[in-house]
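The values are calculated or read from the model by the stated rules, or taken from the named source; none is laboratory data. Owing to the predicted nature of the structure, the values given are computational and were not obtained by experimental measurement. Neighbour counts run over all protein chains shown; Cβ positions are idealised from the backbone, glycine included. All accessible areas refer to the heavy atoms of the entire protein, side chains included, with ligands and DNA or RNA removed. Shrake-Rupley method; radii C 1.70, N 1.55, O 1.52, S 1.80 Å.
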Amino acid sequence: MHDNGHNSTEHTVENGKKGQSCYQVLTAVFIIPTLAILFFLGILSTEQIKYPVLSTVIFLPIAGALFIFLLNRQNESLIKWSCLVISIANFILSMPLYTRFDKTTANMQFVERHDWIPSWGVKYALGVDGISVLFVLLSALLTILCVTVSWTSIKDKIKEFYAALLLIEGSMIGVFCSLDLFLFYILWEAMLIPMYLLIGVWGGPNRIYAAIKFFLFTLVGSLLMLVGIIVLYFNTGNSFDILQMMKTNYPYNMQILLFWAFFAAFAVKVPMFPVHTWLPDAHTEAPTAGSVILAGILIKMGAYGFLRFNMPLFPEATKALAPAMMVLSVVAIIYGAVICLGQTDLKRLIAYSSVSHMGFVTLGLFALNPQGIQGGILQMVNHGIVTGALFLCVGIIYERTHTRQIADYGGAATVFPIYSAFFMVFTLASVGLPGTNGFIGEFLIILGGFTASNLMGVLAATGVIIGAAYMLWLYQNVFFVETNPKLLGHGYGDMDSREILTLLPLLILVFWIGVYPNTFLSFMDASVQNLIERVNTAGQPQVAQQIIEVIK
Amino acid sequence: MEKYVVLIPLLPLIGFFINILLGRAVTKDKAHSVAILAVFGSFLFSLMAFYEVAQGNTLNYDVYSWVVCGNFKVTIGFLIDQLTVIMLIVVTTVSLLVHIYSVGYMHGDPGYYRFFSYLNLFTFSMLMLVTSNNLLQLYLGWEAVGLCSYFLIGYWYQKKTAADAGKKAFIVNRFGDFGFGIGVIVIFLTIGSIQYSDLFSKVGMLQGQTVYIMGYNVDLITLIALLLFCGAVGKSAQIPLHVWLPDAMEGPTPVSALIHAATMVTAGVFMVARFNPLFNLSEVAMNVVAITGALTALFAATIALVQNDIKRIIAYSTCSQLGYMFLACGVGAYGAGIFHLYTHAFFKALLFLGAGSVMHAMAGELNIQKMGGLRKYMPVTYWTFLIASLSIAGIPGLAGFFSKDEILWLAYNGGTTGKIVWIMGTIVAGLTAFYSFRIIWLTFFGKFRGTHEQEHHLHESPKVMTIPLILLAIGAVAAGWIGIPTVLGGGNWIGHFFEPVLGHPHVHAGHDEEWMVMGISVAVALTGIFVSILFYVWKPDIPKTLGAKYKAIYTTLWNKYYIDELYDFIIVRPVKWTASCLLVDITDTKIIEGIVNGIPKGIAAFGEKIRKLQTGYLQHYAISMAIGLFVILTLVLIAAGK
């Protein structure tokens, strides 16, 4: 080995470690799936699922986190391996949600219902429908990838890091499954803490500022929602039951106020313009796994909240305020896209592109028609896959070069050929090229948006042009043109097998959804139909409804 | 036919996957064999499909449901009819020859396998585009060919100009596709389906319907047709979205021949012809198509007159010839347009591959002012290039003559617009002959004007490159013989072949007028050639004197009417400025962040004041607690009471 510089010994050591971890991961890749498949077949062969699926996928990671806390700090590989095995096991255990989900009904499935605090009417109630089920699966999948991508990049406080990761997983899944507002709120807030730590402890140089900003933004929004929740509680016969609320018709003025209260919490999370400024900071400073969870799942919760609460609970307000929401969405699409053109930092650019892409999502949702909403939900999944993958990619190269400045790159395609191919696929998915998942989502959203309002549809479509401009600009400056001297002479290797395996599942999903989206669209069909009916039929005065029935 | 039609696009896709996945480790410098085999398979199946369609069997076949969402449903499926099979023949033939030629041209390139996998992917995308039976799959092919074009233009990605050109092509095309996409959506909302079969059967119902846009009542069909045409303008490099095509010449020359001459850029023409039932219902849209085509033909031809880069001249020539095809579609002569598309594929691919052969000999030199006398060194290239030039100039008997003549004749028959575009088209015929032969004289005749080193290396290209040239030259001569008009004793077989799909415009004028139209265009073409001999062989100082005398015109043409500069000024810079100065520095940092960070500051200031309430006396706290509790309880009770 040539002595290239003062830190060449460090590199040797790192490479050695990498080689070892590759080997371990390879073993894992063969052993664990074999076990998984056996286990999976076991699940399929029995008529009834023998375990409460939702409780399991929520509490296994939380129990896993506690288990990791008990491990010896020195035994790093045991910590990592436990975390990996737990996250994979959790993904496997969540599989019945995919295989046994009844796509023909809009009802809640896999329902679990127990009294929790009877005196307050609080229940421990879980369930999924076509709107939430995909996010449970996506959370379980992304957590595994977060573990593998952090394998060598997280070097201190390893124990706490992996425990936090599992805690986030459990609470995230819980948020998507809760059918009780009290439980929902607890998990919603609980999730903030490990995320705050993830940014604040393992983040970049400006991490404290970013973490506090993230925390305060979301907290302020959530407090308004808390007020809303309490009001709902008293107006639903002292109950936190979401399903019951979905059947209740609240007075119009109250609906409007509650809509805004919940909107405050969700708009910050999405994030919608103009409360988006925490996102670039949080993303830039967060460690790779943090960015992936943030982009992949956390910001989806805002849009999920609109679907789960604002629309079915306050249908009249939703109908009345939808135009305003669509305008905000289109502003986010264009604003987020144009501002990307002025970015110099890889992660910041992708973060702002999230603002634009989430603008598409909310536009689709508030178009209030099947194409818009299904496109919106699919685009939430797509954005989780693609932006998650892009952040993973940035993490992978950052681990080598320790810079996120676009100007420090150039000609990377020569240095990292395999990496550049992966990055290209995700770039194309991000710009919505047909054949990738991004296209299906964006097309359905623009179709839905155009149906609801021609002007909004057309304006949203301009976001697609700008999207191509900034992503291709990014790709060119990082991967094309002459190789930047800063990338040479360090012996940077292309992606190793661990990294390839991290990105591969997402790559497959990009094409799967692009070529055969019906696998995923069919999940939401019934639930979305039901939701639209709820929004459209609400608010017709009782008398009018009776007259209609009489006429029939 | 349904048994093998799927294989036509699928084989190149398989070839792509084999080479892109295994290229670095396994296929390496043998990558071409996989790629060529795949395209050859598609070529054979295309011939079979052609045979079956010629027997009168057409096919509309759905493979699977692609997207189902609410009442929106679209399939992956194939429509094989007269129009499709001609496109299949064009695409697979030219693609096959370009693949073979590339074996020689790209020999020894470090990204050899990558090049062939992109070519395969392109072939797949183009075949998906032409065989589609619905608008969304068309859009898939449409964007995918654009992507391949992006990859291949920027193939030598280390070169900044190449990477820039690829990006420019992609983004400019997105502008066109923006309109196209909206068009698809409007079709769905008005017809309720985007399958061709539903569209064509129901489009008549839209006649007379209008939509209200910004204070105007716009005819619905016109709106849809023009939106779709936006896509065609982008893809086929028509005014005002033509700017990407000349820059696209940064790609390897076989790519220019395949993508930027014979196939991808003609997709716009194909699309307009495919939707002829729609376009036929809107006179306004038809006129827009015809005028855009005629203007581009004229505009691009004038630029081509003065350029010195051999590939750029041919690129402008492509723009111009595509203009002819749109001109034809715009006067309802879709069959003639597609016929020209088909002959053009042969002679234009030949011109590009010939130029590639010249570049190969000249170590990459592109400036025709630095060439000369190459006839002696590379006879095959010279003869094939000459044949292509004669064909594009419209010399009787060659392919280009028949198709161009058909277009001009049908334009002449097409009312006022037809007469106008006929005159423009005839002028362009003269310009075309001039600039095509300008290349011939400057490149192959006279004395060599390059460096000694270049002169020393001059050689004919290897067989693997010259054989495709010869085959294409045969096409450039004979391809037109399937459309010999009746006045010349032919049966215009191609015109009748297309009739079930594309119809045939009514011809009012008689045979003598047809002879006149033909005579004029031949005379004009010969004049063009004559002037080029005068300028570049007999009196070589004329161009310089003219250039000096009409300096304003010359520099305008030389700078391509300053369109690139204009776009830079009105689009690129304002957007960049908005992004980096306005949004990043002002809106986000100052305004939004200012407010957001201002609130905590305000709270802090407020807290300073409030701190004074914290007196430290227990009784004060007790009183405030009591008051607080009272207020909360009251509120709760009131709320519960409701």
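Give me the distance between the Cα centres of region A:132-188 and region B:166-201, rounded to whole Å.
40
With each label point set 7 Å from Cα along the Cα-Cβ vector, what nm distance links residue A:529 and residue B:25?
Distance between the two pseudo-spin positions: 4.7 nm.
Keeping all protein chains in place and using 1.4 angstrom, which order do B:359, B:325 fall into by accessible surface area, from largest down?
Highest to lowest solvent-accessible surface, that is B:359, B:325.
For helix B:135-153, report the angle its Cα long axis makes with the longest principal axis of the Cα atoms of chain B; keep it between 0 and 90° and round to the nearest 10°.
Approximately 80 degrees, to the nearest ten.
Counting DSSP beta bridges with both partners in region A:16-551, what percentage is antiparallel, nearest 5?
Bridges in region A:16-551 are about 90 percent antiparallel.
Based on DSSP H runs of at least 4 residues, each adding -39500 (n - 2.57), what is the mean residue ellipticity at 222 nm of chain B after dividing by all its residues, to the nearest 500 deg cm²/dmol? Each step should come with its number before you reach the end.
Values: 28 runs with 432 residues, N = 642.
Taken over chain B, the calculation gives -22000 deg cm²/dmol.
What is the ratio of the Cα radius of gyration of chain B to 2.2 N^0.38 Å, where N is its residue count, to two decimals?
Expressed relative to 2.2 N^0.38 Å, the Cα Rg reads 1.18.
Can you figure out the FRET efficiency of residue B:47 with residue B:464, using R₀ = 22 Å and their beta-carbon distance, to the nearest 0.05? Before the final figure, lay out the partial values.
Numbers: r = 23 Å, r/R0 = 1.04.
Computed FRET efficiency for residue B:47 and residue B:464 comes out at 0.45.
Could you bin all the Cα-Cα distances of the protein assembly as shown into 20 Å bins starting at 0 and give me the percent of pairs in each, rounded to whole numbers?
Taking every Cα pair in the protein assembly as shown, the percentages come to 11, 38, 33, 15, 3, 0.
About its Cα centre, what dipole magnitude does chain B give when the only charges are +1 on Lys and Arg Cβ and -1 on Asp and Glu Cβ, stated in debye to the nearest 20?
In total the dipole reaches around 1700 debye.
Residue farthest toward the positive end of the dipole of chain B, with Cβ of Lys/Arg at +1 and Asp/Glu at -1: which of B:236, B:400, B:199?
B:236
Toward the positive end of the charge dipole of chain A, about the Cα centre and with charges on Cβ (Lys, Arg +1; Asp, Glu -1), which of A:234, A:409, A:461 goes farthest?
The residue sitting most towards the positive pole is A:234.
Roughly how big is the protein assembly as shown's charge dipole about its Cα centre, with Cβ charges of +1 (Lys, Arg) and -1 (Asp, Glu), in debye to the nearest 20?
Dipole of the protein assembly as shown, to the nearest 20 debye: 1500 debye.
Kindly list the residues of region A:336-367 that lie in the label zone of residue B:576, defined by a backbone N under 19 Å from the point 7 Å along the Cα-to-C-beta vector.
Taking a point 7 Å out along Cα→Cβ of residue B:576, the residues of region A:336-367 whose backbone N falls under 19 Å are A:337-346, A:349.
In Å, what is the Rg of the alpha-carbon atoms in region A:16-551, and how long is Dmax?
Gyration radius and largest Cα-Cα distance of region A:16-551: 22.6, 83 Å.
Which aspartates and glutamates does residue A:213 reach when only Cα atoms under 20 Å apart count, and residues fewer than 8 places away in its own chain are ignored?
Straight-distance partners of residue A:213: A:189, A:281, A:285, A:345, B:585, B:588, B:593.
Could you work out the Kirkwood radius for region B:432-517, taking every pair of different alpha carbons, averaging 1/r and inverting it, reported in Å?
17.7
Using helices alone, what [θ] at 222 nm do you get for chain A, with -39,500 (n - 2.57) per DSSP H run of 4 or more residues, divided over all residues and rounded to the nearest 500?
Details: 24 runs with 400 residues, N = 552.
When only DSSP H runs of four or more count, the value is -24000 deg cm²/dmol.
Residue separation times 0.36 nm, minus the C-alpha to C-alpha distance between residue B:62 and residue B:605: what's the value?
Working: separation 543, 0.36 × 543 = 195.48 nm, distance 6.91 nm.
Answer, rounded to one decimal: 188.6 nm.
Using a 1.4 Å probe on the protein chains only, how many percent of the accessible area of the protein assembly as shown belongs to carbon and sulfur?
Answer for the protein assembly as shown: carbon and sulfur cover 68 percent of the accessible area.
Taking Cα pairs under 8 Å and at least six residues apart, what relative contact order does chain B come out at, in percent? Spell out each step's value before the answer.
On the way: 1035 pairs, mean separation 72.2, N = 642.
Contact order relative to length: 11 percent.
Using r as the Cβ-Cβ distance of residue A:99 and residue A:248, and R0 as 41 Å, what FRET efficiency do you calculate, to the nearest 0.05? Write out the running numbers ahead of the final one.
On the way: r = 34 Å, r/R0 = 0.83.
Efficiency, from the Cβ-Cβ distance: 0.75.
For the protein assembly as shown, report the accessible area per residue in Å² (1.4 Å probe, heavy atoms, rounded to an integer).
37
Would you kindly find the accessible area of residue A:428, with a 1.4 Å probe and non-protein molecules such as ligands, DNA and RNA excluded, rounding to the nearest 10 Å²?
It works out to around 10 Å².
On a 0 to 90° scale, report how tilted helix A:158-177 is relative to the longest principal axis of chain A, with both axes built from alpha carbons and the result rounded to the nearest 10.
Taking Cα atoms only, the helix is inclined about 20 degrees.
Over chain A, calculate the relative contact order: mean separation of alpha carbon pairs under 8 Å at least 6 apart, over the residue count, as a percent.
Values: 870 pairs, mean separation 81.7, N = 552.
Relative contact order for chain A comes out at 15 percent.
So which of A:123/A:247; B:311/B:447; A:269/A:347; B:311/B:560; B:404/B:447; A:157/A:300 end up more than 26 Å apart, counting from Cα to Cα?
Going by Cα-Cα distance, B:404/B:447; A:157/A:300 fall outside the 26 Å limit.
So how much accessible area does residue B:601 have, in Å² to the nearest 10, using a 1.4 Å probe?
150
Return, for the Cα atoms of region B:241-368, the radius of gyration and Dmax in Å, separated by a comma.
15.1, 52
Could you list, bin by bin from short to long, the percent of Cα-Cα pairs of region B:42-148 in 10 Å steps?
All Cα pairs considered, the percentages come to 15, 38, 30, 14, 3, 0.
Going from most exposed to least, what order do B:588, B:247, A:525 have by accessible area with a 1.4 Å probe? Intermediate values should be presented prior to the final figure.
Numbers: B:588 10, B:247 30, A:525 60 Å².
So the residues, ranked largest to smallest area, are A:525, B:247, B:588.
Size of the dipole of region B:448-607 about the Cα centre, Lys and Arg at +1 and Asp and Glu at -1 on the beta carbon, nothing else charged, in debye to 20? It would help to have the intermediate numbers written out before the result.
Numbers: 11 positive and 14 negative charges, 117 e Å.
Using only the charged Cβ atoms, the result is roughly 560 debye.
For region A:321-342, list whatever residues lose no less than 50 Å² of accessible surface once every protein chain is in place, relative to that chain by itself, with the probe at 1.4 Å.
With the partner chains in place, region A:321-342 has these residues losing at least 50 Å²: A:335, A:338.
Report the Cα centroid-to-centroid distance between region A:309-337 and region B:335-404 in angstrom, as an integer.
A separation of 58 Å, based on Cα centres.
Run the reach check for residue B:549 against aspartates and glutamates, Cα to Cα strictly under 14 Å, same-chain hits fewer than 8 apart removed. What comes back?
Qualifying aspartates and glutamates at Cα under 14 Å: B:541.
Give me the summed buried accessible area for the A-B pair, 1.4 Å probe, to the nearest 100 Å².
The summed interface area works out to 4600 Å².
Put A:202, B:142, B:515 in order of accessible area, largest first, 1.4 Å probe: what do you get?
Putting A:202, B:142, B:515 in descending order of accessible area: B:515, A:202, B:142.
Where in chain A is the longest stretch that carries no GluC sites (Glu not before Pro) classed as loop by DSSP and with at most 13 other Cβ atoms within 10 Å?
A:48-481
Shielding of B:176-183 by partners, i.e. mean partner chain Cβ atoms within 10 Å per residue?
3
Quick check: the angle from helix B:82-105's long axis to the longest principal axis of chain B, C-alpha only, nearest 10 degrees?
Helix B:82-105 and the main axis of chain B meet at about 80 degrees.
Checking the cross-link filter: which lysines have an alpha carbon closer than 27 Å to that of residue B:28, excluding same-chain neighbours under 8 positions apart?
Those lysines meeting the cut-off are B:159, B:160, B:463.
So, taking all protein chains as they sit and a 1.4 Å probe, how much accessible area belongs to residue B:28, in Å² rounded to tens?
110
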